[in-house]
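Peer 1: Sharing a structure, written as structure tokens. Questions coming.
The values are calculated or read from the model by the stated rules, or taken from the named source; none is laboratory data. Since the model is a prediction, treat every value here as computed from it, not as a measurement. With ideal geometry, Cβ positions are generated from the backbone for all residues, glycine too; neighbour counts draw on all protein chains shown.
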Amino acid sequence: MRCAIHPDIETSLRCGKCGKPICPKCLVQTPVGARCPDCARLYKLPTFKVTTQYYLRAVGTALGMAIVCGLVWGVVLGLMPFFYLNFLLAAGVGYAIGEVVSLSVNRKRGTGLAIVAGTAVAISYLVSLLSPWGPALVLFSLRFLVIDLLALALGIFVAVTRLR
């Protein structure tokens, strides 16, 4: 017998569904046995199929959430300037942005959506620094900068894990 896809290769293997002769190069191992590429039908899960429309919806939602969460973040830090509160706020902002973006794209997931959410958390942090009620840029010492960057990393991590 010759392989149906590679006619120059002899084989004794057959697809478990359609019976077409297949060689080891084109064989696809499935839980129910060896299949030809046509019968295996390898495709992405619908959860991970993200179209351009979903990306545009995610970017718009993430930008809106970044501005709103950044203003709230700046107001809370302006009223209660406890620097360790920044970790809690960053995690909350990351969760909120990740959850709202996930809801806006019908609970789709993927690396692109995770990047959108992580970028939105970074934008939210910048908005919190520049908001009129926020701590502004007067708190720059090495200790506070390290705490802010660690809090920002925590927020990005939480947002990314919601969409990964």
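Peer 1: Return yes or no: is residue 93 surrounded by 15 or more Cβ atoms within 10 Å (Cβ to Cβ), touching a residue at least 24 places away in the same chain (Cβ under 8 Å) and in contact with a Cys (Cβ under 9 Å, 6 or more places away or on another chain)?
Peer 2: For residue 93, the condition - surrounded by 15 or more Cβ atoms within 10 Å (Cβ to Cβ), touching a residue at least 24 places away in the same chain (Cβ under 8 Å) and in contact with a Cys (Cβ under 9 Å, 6 or more places away or on another chain) - is met.
Peer 1: May I ask you to list the residues in the range 36-76 that are in contact with a strand residue (DSSP E or B) (Cβ under 9 Å, 6 or more places away or on another chain) and among the aliphatic types (A, V, I, L, M)?
Peer 2: 40, 42
The rows are residues; the columns are (1) surrounded by fewer than 16 Cβ atoms within 10 Å (Cβ to Cβ); (2) aromatic (Phe, Trp, Tyr); (3) in the same structural domain as residue 101 (by TED's automatic domain parsing); (4) modelled with pLDDT under 90.
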residue: 7; (1), (2), (3), (4): yes, no, no, no
residue: 11; (1), (2), (3), (4): no, no, no, no
residue: 18; (1), (2), (3), (4): yes, no, no, no
residue: 23; (1), (2), (3), (4): no, no, no, no
residue: 33; (1), (2), (3), (4): yes, no, no, yes
residue: 50; (1), (2), (3), (4): no, no, yes, no
residue: 55; (1), (2), (3), (4): no, yes, yes, no
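Peer 1: Looking only at the range 96-111, count how many residues are out of contact with any Phe, Trp or Tyr (no Cβ under 7 Å at 6 or more places or on another chain) and either aliphatic (A, V, I, L, M) or surrounded by 16 or more Cβ atoms within 10 Å (Cβ to Cβ) (or both).
Peer 2: 9
Peer 1: Taking into account only those residues within the range 120-136 that are closer than 15 Å to residue 77 by Cβ and small (Gly, Ala, Ser), which is modelled with the lowest pLDDT?
Peer 2: The residue in question is 136.
Matching residues to (1) within 12 Å of the chain's Cα centre (by Cα); (2) not in a loop (DSSP other than H, G, I, E, B):
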| position | (1), (2) |
| --- | --- |
| 75 | no, yes |
| 88 | no, yes |
| 108 | yes, no |
| 118 | yes, yes |
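Peer 1: May I ask you to verify whether residue 70 is touching a helix residue (DSSP H, G or I) at 6+ places or on another chain (Cβ under 6 Å), closer than 15 Å to residue 161 by Cβ and not hydroxyl-bearing (Ser, Thr, Tyr)?
Peer 2: So residue 70 does not fit the description; no.
Peer 1: Inside the range 18-60, can you point out the residues that are in contact (Cβ under 8 Å) with a residue 24 or more places away in the chain and under 14 Å from residue 4 (Cα atoms)?
Peer 2: Within the range 18-60, 36, 37, 39 meet the criteria.
Peer 1: Which of the following residues is modelled with pLDDT under 85, over 27 Å from residue 60 (Cβ atoms), outside any helix (DSSP H, G or I) and touching a Leu at 6+ places or on another chain (Cβ under 9 Å): 139, 145?
Peer 2: None of the other options fit; the residue is 139.
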